1. One residue is enough: does the range 190-199 have a residue meeting the conditions under 22 Å from residue 231 (Cα atoms), within 16 Å of the ligand (Cβ to nearest atom), at pLDDT 95 or above and part of a helix (DSSP H, G or I)?
2. Residues of the range 13-42 being part of a loop (DSSP other than H, G, I, E, B), farther than 21 Å from residue 197 by Cβ and within 17 Å of the chain's Cα centre (by Cα), which ones?
3. Since residue 47 meets every condition but one in (1) more than 16 Å from the ligand (Cβ to nearest atom); (2) in contact with a helix residue (DSSP H, G or I) (Cβ under 8 Å, 6 or more places away or on another chain), which condition does it not meet?
4. State all residues of the range 86-121 that are more than 16 Å from the ligand (Cβ to nearest atom), outside any strand (DSSP E or B) and more than 22 Å from residue 190 (Cβ to Cβ); if no residue qualifies, say none.
5. Restricted to the range 151-173, and to residues that are more than 19 Å from residue 6 (Cα to Cα) and more than 16 Å from the ligand (Cβ to nearest atom), which residue is surrounded by the most Cβ atoms within 10 Å (Cβ to Cβ)?
Ligand code: ACM
C-alpha cells in the first residue's frame, strides 16, 4: 500500500518565496509516501515573454526551492512530484521533478506546450519514462499532455503504476478525460491542479481546481472543490495497477495491435 496525495492551492505569480512557504507549511505535518504539486507552483504560470520566464527559471541542481523541498522529503521520508520552470543552459522547459530523500530522482519536460507557452518555453526533449520510488513505478506528465492519450499509454507500457500530473488547467475537460486514461491503462492518476486567477497584460487566466486522484478502471477516489486549498492523502493498493486484465481474456496492454495503428 502507498499513501499518495496532492496539494491544491493558488500560487501567486512571481512570488517564489511566498509560494515555497505556502507549500512547506502545508506539507509539514503530512503522513504520506508521495505528494504531487501543481504545474509551475513556485513561479506562477502566465509569463508575458521568454525574458520574464528566464528571470524566474532555475537549474534544479542550483535551486534553493529544490533544496528546501528535498530537505522536507528527508525529514518526512516522502517523495514530491512538482512542476518546475527549468533552465538548462540556453533552454527553458516546463518540467516536472521527482524529488526524494536522496535529491532529484527524476525529471520530465512537458512535451505538449499549451497555447502561449509555445512563445516562451522550449518543448520537452526527454523520452517518456518511469522512475522507481521504493518499488513503485512513477510516470510524470504535465497538464496539457492529458489530451494526447499516447503519453499515458507510453508511461503505462513502460510500467507506470501512478501517473503524476501537475497541472494549471484552464479548460474543463481534463479531469473527466483522465478517468478514461485510468480506464484504458489501468493505472492510478494524481492530477494536482491549481486554483485562483492570474491577471496579465495579455488577459486573465482562471484555473479550474478540482484536483483528483483516480483509480485503475476510472473510479474517482477523491476530487477537490474548484476554489478550495486542500491537501488530500489516501492509501492505495498498487497491485491494482499491475493487473491489466479487464476480462479473463483481455489484457489492455498485451492485446494491443500496434502493427495496425499510426
Ligand atoms: C496547461 O497545459 N497548463 C493548460
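The values are calculated or read from the model by the stated rules, or taken from the named source; none is laboratory data. Just so you know, these numbers come straight off a predicted model, no measurement behind them. Cβ: placed from backbone, ideal geometry, glycine included. Neighbour counts: every protein chain shown.
1. no
2. 32, 33
3. Going through the list (1) more than 16 Å from the ligand (Cβ to nearest atom); (2) in contact with a helix residue (DSSP H, G or I) (Cβ under 8 Å, 6 or more places away or on another chain), residue 47 breaks only (1).
4. 89, 90
5. 155
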